[in-house]
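These notes are about the structure you will find just below.
The values are calculated or read from the model by the stated rules, or taken from the named source; none is laboratory data. All figures in this text were calculated on a predicted structure; none of them were measured in a lab. Methodologically, a virtual Cβ is constructed for each residue, glycine included, from the backbone with ideal geometry; neighbour enumeration extends over all protein chains shown. The accessibility values were calculated without ligands, DNA or RNA, using every heavy atom of the protein model including side chains. Shrake-Rupley method; radii C 1.70, N 1.55, O 1.52, S 1.80 Å.
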Amino acid sequence: MLRIGLLTSGGDCQALNATMRGIVKTVLHNTDDQVEIYGFEDGYQGLIYGRYRKMKWKDFSGVLTQGGTILGTSRTPFKLLDTPEADGVQKVPAMKKTYKSLKLDCLFMLGGNGSTKTANRLSQEGLNVIALPKTIDNDTWGTDVTFGFTSAIDVATKYLDEIKTTASSHGRVFVVEIMGHKVGWIPLYAGIAGGADVILLPEIPYDIKNVVKAIDSREQRGGRFAIVACAEGAISKEQAAMPKKEYKKLVAARKYSVAYEIADEIAQLTSREVRVGIPGHTQRGGTPDAQDRIFATQCGVEAARALFDQDFGVMIAKVNNKMVRVPMTEVAGKLKYVDPKSDLVREAKLMGISFGDD
C-alpha cells in the first residue's frame, strides 16, 4: 500500500491542477501497489484540522486545462507557524498528527516561498515532504521558472495589448499596475511583450523625472499615447533611501496603490491625461497556457520519481532546462530577484524602454 497526500498552499495560480495530475498519473502508472490519495482541503488548514478527501484517478481526469485548485487553498504564514490557531490548536503538532494518522508515505506540497518554508519545517520534523514550485511571481530561489508564471505573463500582456486602443483613441498615458510586490518578473516580461514604454520594478528604484522624460520623448517622436507597466511594489529612489521601518509605515498608510501615486505625479508634471489600469487577480485566473501545462506536468512527473527514489526534503526545479531536485534547506525563504544588470533589462533599455533609473 502506497499512501500519498496532496495540498496546495498560498495564492492560487493556473497550473496547480495540472501539476497534481502529473503526480497522480505518474504514480499510478509506475507501481503495482495499491495507491491511496488524500487531498487536503484549503492548504495547510486541511492538514491541521484533518480536512481531506480520499481521491481517485478520475478526480484528476480533465483538470489539465482547469485553473485554480480543485482542493482549495489558503495562506498559513510561516512566521505564525508556532502561534496557536484561534481555537488553541498548535499547528505543527496537529499537522504531524494528521500525517501519521493517515500513515502517509509522502506529502506533496504545491506552494511558493512561505509555503516551502513550512514544508521544510515539516521535513525537519521527520515527515516525508516533496515541494513543487508554485507562484505566478517566479520568485522562488533555486529554479529558473515556477508554474503559474507564464500564464500570468500572458494575462498581463493581453491587458496591455487591449488597453492600447483606448489609450490611442484618447491620447492618454496609462499606468498599468501588474502583480509583483517584492520582485518584478511579471511586469518585466509582460511589459516587454506588451510594448510598454516604461517598466517600473521593485529592484530598480525610479526617478519620476526620468519617467516623464521617457513619456515626453515618445510624444516628441509622434507617439499619441504611452504605457507605463508598473509593479505593485515599484519604489522611487527617495523611498528606496528610507529606513525600512519608515518605508513600511508609508506603504501601510497608503489609501491607494502605488500606480495611482505615479499617475498623479505624471499628471502634475505634464499636460497629459493619465489613467490607471489594474488587471489585479485576473493574473492568477483562467486557463494555464501551454508552457505552464508542460512545466507543471514535468514537475509532477519528477516529484513522483523522487517519491519512488525515497528522495524527500527536496523541491522540484528546472535549472538550465533540466528537471532537478534541490534540498529545501537551500531554497526555503529565499527570493529570486530580477537582476538590474541582466541581459533582458539591458536589451529592453537598448530599444528605448525606460526603467526610470536613468
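When only the Cβ of Lys, Arg, Asp and Glu is charged (+1, +1, -1, -1), the dipole of the chain relative to its Cα centre reaches about 560 debye.
Using DSSP, restrict attention to beta bridges with both residues in the chain and report what percent are antiparallel, rounded to the nearest 5. Antiparallel bridges: around 25 percent, rounded to the nearest 5.
Of the solvent-accessible surface of the chain, computed with a 1.4 Å probe over protein heavy atoms with every protein chain present, carbon and sulfur atoms account for 49 percent.
Grouping the Cα pair distances of region 104-257 into 10 Å bins from zero gives a pair-distance distribution of 11, 30, 29, 19, 8, 3, 0 percent in increasing distance order.
Note on region 277-358: Cα Rg divided by 2.2 N^0.38 Å, N the number of residues, gives 1.50. A simple rule links phi to the HN-Hα coupling: the Karplus curve 6.51 cos²θ - 1.76 cosθ + 1.60 with θ = phi - 60°, which for region 313-319 gives x, 10, 10, 6, 8, 10, 10 Hz, with x for Gly and Pro. Of the residues 64, 45, 242, the one whose Cα sits farthest towards the positive end of the charge dipole of the chain is 45 (charges of +1 on Lys and Arg Cβ, -1 on Asp and Glu Cβ, taken about the Cα centre). Using the alpha-carbon atoms, what tilt in degrees (0 to 90, nearest 10) does helix 244-253 show relative to the longest principal axis of the chain? Its long axis makes an angle of about 80 degrees.
Just the Cα atoms of region 199-358, one point each, no solvent: what log10 I(q)/I(0) does Debye give at q = 0.20 Å⁻¹? With one equal scatterer per Cα and no solvent, log10 I(q)/I(0) is -1.30. Under a 5 Å amide H cut-off, with hydrogens placed 1.01 Å from N, residue 35 pairs with 2 among residues at least 5 apart or on other chains. Shape index of region 1-121: Rg/Rh, with Rg the Cα radius of gyration and Rh the Kirkwood radius from the inverse mean 1/r over Cα pairs, equals 0.96. Other residues whose C-beta falls under 12 angstrom from the C-beta of residue 37 contribute a net charge of +4, scoring Lys and Arg +1 and Asp and Glu -1. Which residues does the label zone of residue 323 cover in region 1-24, counting backbone N under 15 Å from a point 7 Å along Cα→Cβ? Backbone N within reach: 18-24.
Of the peptides 196-204, 32-40, the order by per-residue mean of other Cβ atoms within 10 Å, starting with the highest, comes out as 196-204, 32-40. Convex hull volume per residue, computed on the Cα atoms of region 196-294, equals 150 Å³. Its relative contact order, with pairs defined as Cα atoms under 8 Å and 6+ residues apart, puts region 1-144 at 31 percent. Residues 246, 232, ordered by accessible area of protein heavy atoms at a 1.4 angstrom probe radius and largest first, appear as 246, 232. Close amide H partners of residue 74, meaning residues 5 or more places away or on another chain with modelled amide H under 5 Å apart, are 10, 43, 44. Taking 27 Å as the limit for the C-alpha separation, the pairs 244/334; 54/96; 97/182; 96/244; 91/249; 158/182 exceed it in the case of 97/182; 96/244; 91/249. Rolling a 1.4 Å probe over the heavy atoms of the protein chains gives the chain an accessible area of 45 Å² per residue. Taking each residue as 0.36 nm, the span from residue 267 to residue 181 lengthens on full extension beyond its C-alpha to C-alpha distance by 28.6 nm. Projecting the Cα atoms of 211, 157, 301 onto the charge dipole of the chain (Cβ charges, centred on the Cα centre) puts 301 farthest toward the positive pole. For region 274-282, 3J(HN,Hα) computed residue by residue from phi via the Karplus equation (6.51, -1.76, 1.60; θ = phi - 60°) reads 10, 10, 10, x, 10, x, x, 6, 4 Hz, glycine and proline entered as x. A straight Cα-to-Cα reach below 17 Å connects residue 103 with the aspartates and glutamates 33, 36, 125, residues fewer than 8 places away in its own chain not being considered.
According to the Kirkwood relation over distinct C-alpha pairs, the hydrodynamic radius of region 30-183 is 18.2 Å. Measuring nothing but how far apart in sequence close Cα pairs (under 8 Å, 6+ apart) lie, relative to its length, the chain scores a relative contact order of 24 percent. Under a Gaussian network description of the chain, with springs only between Cα atoms under 10 Å, the residue in 316, 178, 70 that fluctuates furthest is 70. Along each principal axis, taking the top coordinate minus the bottom one, the Cα set of region 164-250 gives 43, 24, 17 Å in descending order.
At 10 °C and 1.306 mPa s, what whole-number value in µm²/s does Stokes-Einstein give for the translational diffusion of region 135-182, with Rh from the Kirkwood sum over Cα pairs? Reported coefficient: 128 µm²/s. With R₀ fixed at 41 Å, the C-beta to C-beta distance from residue 80 to residue 220 puts the FRET efficiency at about 0.20.
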